[in-house]
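The values are calculated or read from the model by the stated rules, or taken from the named source; none is laboratory data. The model shown is predicted, which means the values in this text are computed figures rather than measured ones. Heads up, the Cβs are rebuilt from the backbone with ideal geometry, glycines too, and the neighbour counts pull from every protein chain shown.
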Amino acid sequence: MNKWPHAPIHILDKSGTYMVTSGTYKKEKFFHDSEKLELLHSDLHSFAKEFGWELQAWSVFPNHYHFIAASQEPSNLRDFISKLHSVTARNINREDDTPGRKVWFQYWDTRITYQSSYLARLNYVHCNPAHHHIVDDPRKYKWCSAKWFEGNAGASFYNTVTNMKTDRVKVIDEF
């Protein structure tokens, strides 16, 4: 019997902090304007709260997103992502008059188990708009947590995270 997984394996049996990445179908930039980015950003926050996920970092783009969040009940991540994807797809398809168009491809999740990995991934997600050359300073990008993090983290923690190297972080991010 063939055991090859045809989609990312989601092992969600332990509470903790996870990094999630998702991309649009064929990397299409469906969320290409401020209104659509705001829709995805807002729904990400709303559904994270609804499903009990505490967002700690996020970056939302026209064709993908990343977030880091903690949960005591990670088994509901599938339901959270499913609702996020179905609601956002229906809404932008309605706006674009393209009912039934496939918007999302799939998502990948990783439970973060090491402190240094957690800190580096926080920095990676906060700095992702600069990584993609959208802005020079990620704090200027409205749909990212960098500015929020600067204003809400203690100075010592902020400095620790922003000084973490991200070159060894392995994240699907070819968008």
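Structure notes:
- Residues of segment 153-173 that are in contact (Cβ under 8 Å) with a residue 40 or more places away in the chain, assigned to a loop (DSSP other than H, G, I, E, B) and either of a type in the set (D, E, K, R) or touching a Leu at 6+ places or on another chain (Cβ under 8 Å) (or both): Met164, Lys165, Arg168, Asp173.
- Considering segment 45-97, the residues that are under 11 Å from the mean Cα position of the chain (by Cα) and of a type in the set (Phe, Trp, Tyr) include one that is surrounded by the most Cβ atoms within 10 Å (Cβ to Cβ), namely Tyr65.
- In the condition set (1) surrounded by 15 or more Cβ atoms within 10 Å (Cβ to Cβ); (2) out of contact with any strand residue (DSSP E or B) (no Cβ under 9 Å at 6 or more places or on another chain), Phe149 is compliant with all but (2).
- Test: residue in segment 105-124 that is within 18 Å of the chain's Cα centre (by Cα) and more than 30 Å from Phe157 (Cβ to Cβ): yes
- Segment 152-175, residues that are small (Gly, Ala, Ser) and surrounded by fewer than 11 Cβ atoms within 10 Å (Cβ to Cβ): Gly154, Ala155, Ser156
- Of residues in segment 16-44 being more than 11 Å from the chain's Cα centre (by Cα) and assigned to a strand (DSSP E or B), the one surrounded by the most Cβ atoms within 10 Å (Cβ to Cβ): Thr24
- Being out of contact with any Lys or Arg (no Cβ under 8 Å at 6 or more places or on another chain), buried (at least 20 other Cβ atoms within 10 Å of the Cβ) and either among the basic types (Lys, Arg) or farther than 17 Å from Phe175 by Cβ (or both) is a description that applies to Leu122.
- Selection status of Ser46, of a type outside the set (A, V, I, L, M, F, W, C), over 23 Å from Glu174 (Cα atoms) and out of contact with any Leu (no Cβ under 6 Å at 6 or more places or on another chain): yes
- Any chance His66 is under 20 Å from His32 (Cα atoms), outside any strand (DSSP E or B) and at pLDDT 95 or above: no
- Some residue of segment 144-160 being at pLDDT below 95 and under 26 Å from Arg78 (Cβ atoms): no
- Filter result (polar (S, T, N, Q), under 13 Å from Phe67 (Cα atoms) and part of a helix (DSSP H, G or I)) within segment 111-152: Asn123, Asn128
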